[in-house]
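Asker: This is the structure, below, for whatever I ask next.
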Amino acid sequence: IAGILDGEGCIGIDKIKSPHKVWPFDFKIRVVITNTNENIICWLKTTVGSGCAYISQKKPFKSNWRVVHRWQIVSEQAREFLTQVRPYLKIKGEVCDLVMQLPKLPTSRKFTGRTNLEYEEQTKFYNMAKLKNTRGLAIFK
């Protein structure tokens, strides 16, 4: 599973508009594995026992592209999954370690009770993970 994640996956932090209006954004860990082989995605969902499997594109952008399938897991389920696969990650270990540092808030105050410092910490880890996941060489200029 870690090998599939290293080769076909993405580990990151989502920044989503907060419905609670106390803070402009909420943050959650997200792991996505994309593949054109539907059997791999179904196997992941069954083997891991959580997350969701879906077709990302029913109609490919280009005529020679295949349909893309995805398995995704978010929030605390993603944190638990990453804890289990982390010892086996070879390529995405560094971004996994970074994402796992996203401050975990008690459920009772997840949306309304964050302190300014907690919100700033979450924003910092989101920005660091986003930079780690940047494609290409632009970050080296």
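Asker: Step through the residues of the range 82-88 one at a time and calculate ³J(HN,Hα) from phi using the Karplus curve (6.51 cos²θ - 1.76 cosθ + 1.60, θ = phi - 60°), rounding each to whole Hz and writing x for Gly and Pro.
Answerer: My calculation for the range 82-88 gives 5, 4, 6, 8, 3, x, 9 Hz in order.
Asker: Using a probe of 1.4 angstrom, how much of the accessible area of the range 1-109 is carbon and sulfur, in percent?
Answerer: 52 percent
Asker: Against the longest alpha carbon principal axis of the chain, how many degrees, from 0 to 90 and to the nearest 10, is the axis of helix 38-48 turned?
Answerer: 40 degrees
Asker: How much accessible area does Thr123 have with a 1.4 Å probe, in Å² rounded to the nearest 10?
Answerer: 40 Å²
Asker: Springs between alpha-carbon atoms under 10 Å, Gaussian network over the chain: tell me which of Leu44, Leu105, Leu89 tops the mean-square fluctuations.
Answerer: With Cα springs under 10 Å in the chain, the top fluctuation among Leu44, Leu105, Leu89 is at Leu105.
Asker: Tell me which trypsin sites (Lys or Arg not before Pro) from the range 1-79 have a DSSP coil assignment and no more than 15 other beta carbons within 10 Å of their own. Write down the numbers at each step before the final one.
Answerer: Values: sites: Lys15, Lys17, Lys21, Lys28, Arg30, Lys45, Lys58, Lys62, Arg66, Arg70, Arg79; in loops: Lys21, Lys58, Lys62, Arg66.
Filter output for the range 1-79: Lys21, Lys58, Lys62, Arg66.
Asker: How much length would be gained if the chain were fully extended between Lys132 and Tyr54, taking 0.36 nm per residue of separation minus their Cα-Cα distance, in nm to one decimal?
Answerer: Details: separation 78, 0.36 × 78 = 28.08 nm, distance 2.59 nm.
So the chain would gain 25.5 nm between Lys132 and Tyr54.
Asker: If I ignore ligands, DNA and RNA and count only protein heavy atoms, how much of Ile4 is accessible to a 1.4 Å probe, in Å² to the nearest 10?
Answerer: Taking all protein chains as shown, Ile4 has close to 40 Å².
Asker: Let me ask another. If you consider only alpha-carbon coordinates, what radius of gyration and Dmax does the chain have, in Å?
Answerer: 16.4, 50
Asker: Also, quick follow-up: Enter the accessible area per residue of the chain (Å², integer; probe 1.4 Å; all protein chains in place).
Answerer: 64 Å²
The values are calculated or read from the model by the stated rules, or taken from the named source; none is laboratory data. Note that this is a predicted model, so its numbers are computed, not measured. All Cβ positions, glycine included, derive from the backbone under ideal geometry; neighbour counts span all protein chains shown. The area values use the complete protein model at the heavy-atom level, side chains included, leaving out ligands, DNA and RNA. Shrake-Rupley method; radii C 1.70, N 1.55, O 1.52, S 1.80 Å.
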